Amino acid sequence: MTPDELGDAWDGARLHLPLWSTLNGDLFGKPEAGQDMTFGFPQLVAHAARTRKLSAGSIVGSGTVSNLDPDGGPGRPVSQGGLGYSCIAEIRMIETIRDGKPATSFMRFGDRIRIEMNDPDGQSIFGTIDQKVVSA
């Protein structure tokens, strides 16, 4: 998709749509991608271009997608009424700070992650990432 096809979801720097992550069939996160994004894509691309050659087709990611809780604290899991996460390492860090140790395990062989983002009409923006962890 091109930015103009995203309509109001693209503000020129950030994409304001939820990123859906499903882990083993359970909703792991649905954070809104642009809401708490520190740096917009123009800043990220400019920084990347200062330190390496970029060419057509280069992919520039923004890092972990997550949202603060309405009280300003770290987000909460979907099971606790929050928007969840898009990164297991992030929830483990929050659990460690909050509880002294992580409760969420990293992915194991056999686990499946599905990540997708749809436009306001329900059309996939970048296709669905659907991967299963297998032994090499």
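The values are calculated or read from the model by the stated rules, or taken from the named source; none is laboratory data. Remember, predicted model here, so these are calculated numbers, not experimental data. Here Cβ is always computed from backbone atoms with ideal geometry, including for glycine, and neighbour counts include all displayed protein chains. Just so you know, the surface numbers come from the protein's heavy atoms only, side chains and all, with ligands and any DNA or RNA stripped out. Shrake-Rupley method; radii C 1.70, N 1.55, O 1.52, S 1.80 Å.
Of everything in region 63-79 that is open to solvent by 50 Å² or more (accessible area, probe 1.4 Å) and under 16 Å from S21 (Cα atoms), the residue that is nearest to the chain's Cα centre (by Cα) is T64. Annotation note: Cβ proximity below 9 Å between a residue of region 56-71 that is modelled with pLDDT of 90 or more and a residue that is open to solvent by less than 80 Å² (accessible area, probe 1.4 Å) and among the polar types (S, T, N, Q) (sequence gap 6+ or interchain) occurs for V65/S21; V65/S86; S66/S86. Selection of region 80-105 for residues being farther than 25 Å from M1 by Cβ, surrounded by 11 or more Cβ atoms within 10 Å (Cβ to Cβ) and of a type in the set (G, A, S) yields G82, A89, A103. Among the residues of region 97-112, is any under 22 Å from N24 (Cβ atoms) and in contact with a Pro (Cβ under 7 Å, 6 or more places away or on another chain)? Within region 97-112, none of the residues are under 22 Å from N24 (Cβ atoms) and in contact with a Pro (Cβ under 7 Å, 6 or more places away or on another chain).
Could you grab me the full set of residues in region 27-54 that are open to solvent by 80 Å² or more (accessible area, probe 1.4 Å) and either free of Cβ contacts under 8 Å to residues at least 24 places away in the same chain or more than 17 Å from the chain's Cα centre (by Cα) (or both)?
Start the filter on region 27-54 by keeping residues that are open to solvent by 80 Å² or more (accessible area, probe 1.4 Å), which leaves 35, 38-39, 43, 47, 50-53.
Those that are open to solvent by 80 Å² or more (accessible area, probe 1.4 Å) and either free of Cβ contacts under 8 Å to residues at least 24 places away in the same chain or more than 17 Å from the chain's Cα centre (by Cα) (or both): T38, F39, Q43, H47, R50, T51, R52, K53.
Regarding region 112-120, can at least one residue be identified that is basic (K, R), within 24 Å of H16 (Cα to Cα) and in contact (Cβ under 8 Å) with a residue 24 or more places away in the chain? Spell out how you get there, then give the answer.
Restricting attention to region 112-120, the residues satisfying the condition of being basic (K, R) are 112, 114.
From what's left, within 24 Å of H16 (Cα to Cα): 114.
Now drop any that are not in contact (Cβ under 8 Å) with a residue 24 or more places away in the chain, which leaves 114.
Yes, region 112-120 contains a residue that is basic (K, R), within 24 Å of H16 (Cα to Cα) and in contact (Cβ under 8 Å) with a residue 24 or more places away in the chain.
Filter region 106-126 down to residues that are of a type in the set (A, V, I, L, M, F, W, C) and open to solvent by 90 Å² or more (accessible area, probe 1.4 Å) and give me whichever is farthest from T2 (Cα to Cα).
Residues of region 106-126 of a type in the set (A, V, I, L, M, F, W, C): 106-107, 109, 113, 115, 117, 125-126.
Adding the requirement that they be open to solvent by 90 Å² or more (accessible area, probe 1.4 Å) leaves 106, 109, 126.
Numbers: F106: 34, F109: 36, F126: 11 Å.
Step by step, filter region 106-126, then rank; the result is F109.
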